[in-house]
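The values are calculated or read from the model by the stated rules, or taken from the named source; none is laboratory data. In this text the structure is predicted, and so the values were computed from the model without any measurement. Reconstructed Cβ throughout: ideal geometry from the backbone, glycine too, with neighbour counts over all protein chains shown. Note: areas computed on protein heavy atoms with side chains; ligands, DNA, RNA excluded. Shrake-Rupley method; radii C 1.70, N 1.55, O 1.52, S 1.80 Å.
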Amino acid sequence: MIKDHAASLSAVGWFDRVVNHAKVPRMPARFALAVLLGTLAVIFALPAAAAPVCRVDALNALPERALVHLSATVTNEAMPLVILLHGSTGTGAQMLRDSGLAATADRHGFVVVAPDGGIAAGHGFVWDIPGVQTVTGAMPPASARDDVAYVTGLIDRLVATGCVDPARVYATGLSGGGRMTSWLGCVAAQRFAAIAPVVGLRAGRPLAGEPMRPDPATCRPDARMPVLAFSGDADTTNPIAGGGAPYWQYAQVAALQRWAVIDGCSEPYARVIDARTYEQGYARCPDGASVAARVVRGGTHSWSVVDNEAMWAFLSRHRR
């Protein structure tokens, strides 16, 4: 009790000094201290903002509901979200089936959404990457849907259901979807905690007049972007050594180097993952970022080059 009383007197003395220094109209110190403590008690008694509650009925009402996989371990809390983008002329339904990410989501408790691109092509769709030819050889038409606005709007609508945590949103995609994933990292970095392009890592458009280099002006994210790409060294569609279609051209290592510059990484490295897989990239990046590509020897242009568990382990380490 003596100790508590002494502490109270000390607090009164401190308040007296504050009042005297401020030269405000004086009131009895003990009364003023009581008012101060009462105010603080009211502030700290206010209830904390309620955590978002996953409203499955709201999610079920989305037009894209058939392309949303809700983890089998769904809880009332907001969950991580993986945006899964199909390859050129493919569909979201095909990508969700072929990637196996739904099963990964069930094991780890995240949401997957696999939307369709905005430009109809072949038996499916392609993505609108401004200034870059699609696989049809044509530039995206001026009337094409803005796919960046569409994807970020889809994120907003999913977050609004309470089922998605906006700090844990990630993107991955195959081939043209991998290129679109890279583009999202370039122009909408604040919306994604990390990206994992598959057989499609880019770092902006090929430089005009020197297409074996990425054009730095076309990829200037407003935040650091952790990157883990997956590819195969026998891919003849998007060869990791470069060349190929006009939209491709520069090598995967050039894309890695550009992302390393963007993320401020300073230490190149290479390591063996297993008998068929090696990883090359850059470490010592600020803010916990990293830039790397896993390459499967003999791997082709398909999701077969991906280790879903390794992808999720990488993505889940990052928050925005």
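For every residue, the table says whether it meets (1) within 17 Å of residue 52 (Cβ to Cβ); (2) at pLDDT below 95; (3) touching a helix residue (DSSP H, G or I) at 6+ places or on another chain (Cβ under 9 Å); (4) of a type in the set (A, V, I, L, M, F, W, C).
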| residue | (1), (2), (3), (4) |
| --- | --- |
| 86 | no, no, yes, no |
| 96 | no, no, yes, yes |
| 106 | no, no, no, no |
| 115 | no, no, yes, no |
| 170 | no, no, yes, no |
| 175 | no, no, no, no |
| 180 | no, no, yes, yes |
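Quick one: which strands (runs of 3 or more DSSP E) lie wholly within the range 224-287 and hold at least 3 residues that are farther than 24 Å from residue 300 by Cβ?
Working: elements: 227-232, 267-272, 277-283.
In the range 224-287, the matching strands (runs of 3 or more DSSP E) lie at 267-272.
Across the range 194-212, what is the number of residues that are in contact with a Phe, Trp or Tyr (Cβ under 7 Å, 6 or more places away or on another chain), surrounded by fewer than 24 Cβ atoms within 10 Å (Cβ to Cβ) and among the aliphatic types (A, V, I, L, M)?
Within the range 194-212, residues that are in contact with a Phe, Trp or Tyr (Cβ under 7 Å, 6 or more places away or on another chain), surrounded by fewer than 24 Cβ atoms within 10 Å (Cβ to Cβ) and among the aliphatic types (A, V, I, L, M) number 1.
So, residue 291, is that one in contact with a strand residue (DSSP E or B) (Cβ under 8 Å, 6 or more places away or on another chain), farther than 25 Å from residue 221 by Cα and surrounded by 21 or more Cβ atoms within 10 Å (Cβ to Cβ) or not?
Values: in contact with a strand residue (DSSP E or B) (Cβ under 8 Å, 6 or more places away or on another chain): yes; farther than 25 Å from residue 221 by Cα: no; surrounded by 21 or more Cβ atoms within 10 Å (Cβ to Cβ): yes.
When the stated conditions are applied, residue 291 does not pass them.
Output the residues belonging to the range 214-267 that are open to solvent by less than 40 Å² (accessible area, probe 1.4 Å) and at pLDDT below 95.
Matches in the range 214-267: 245, 247.
Quick one: count up the residues across the range 196-212 that are within 30 Å of residue 312 (Cβ to Cβ) and part of a strand (DSSP E or B). Reasoning before the result, please.
Filtering the range 196-212 down to residues within 30 Å of residue 312 (Cβ to Cβ) leaves 196-205.
Of the ones still in play, those that are also part of a strand (DSSP E or B) are 196-198.
Residues in the range 196-212 being within 30 Å of residue 312 (Cβ to Cβ) and part of a strand (DSSP E or B): 3 in total.
Using the structure shown, decide if residue 295 is of a type in the set (A, V, I, L, M), outside any helix (DSSP H, G or I), over 17 Å from the mean Cα position of the chain (by Cα) and closer than 28 Å to residue 133 by Cβ. Full working, then the answer.
Values: of a type in the set (A, V, I, L, M): yes; outside any helix (DSSP H, G or I): yes; over 17 Å from the mean Cα position of the chain (by Cα): yes; closer than 28 Å to residue 133 by Cβ: yes.
In short, yes.
Just to verify a result, which residue in the range 151-189, among those that are over 18 Å from residue 101 (Cβ atoms) and of a type in the set (D, E, K, R), is surrounded by the fewest Cβ atoms within 10 Å (Cβ to Cβ)?
That would be 156.
Test residue 162 against the criterion of being under 22 Å from residue 111 (Cα atoms), part of a helix (DSSP H, G or I) and either of a type in the set (Gly, Ala, Ser) or modelled with pLDDT under 95 (or both), and give yes or no. Outline the logic, then answer.
Numbers: under 22 Å from residue 111 (Cα atoms): yes; part of a helix (DSSP H, G or I): no; either of a type in the set (Gly, Ala, Ser) or modelled with pLDDT under 95 (or both): yes.
When the stated conditions are applied, residue 162 does not pass them.
Determine whether the range 124-147 contains at least one residue that is surrounded by 17 or more Cβ atoms within 10 Å (Cβ to Cβ), modelled with pLDDT of 95 or more and closer than 22 Å to residue 316 by Cβ.
Scanning the range 124-147, I find no residue that is surrounded by 17 or more Cβ atoms within 10 Å (Cβ to Cβ), modelled with pLDDT of 95 or more and closer than 22 Å to residue 316 by Cβ, so the answer is no.
Tell me which residues, restricted to the range 68-110, are part of a helix (DSSP H, G or I) and within 19 Å of the chain's Cα centre (by Cα). Even if it seems obvious, please write down each step before you answer.
Taking the range 68-110 first, the residues part of a helix (DSSP H, G or I) are 92-99, 101-108.
Of everything in the range 68-110, those that are part of a helix (DSSP H, G or I) and within 19 Å of the chain's Cα centre (by Cα) turn out to be 92, 95, 96, 99, 101, 102, 104, 105, 108.
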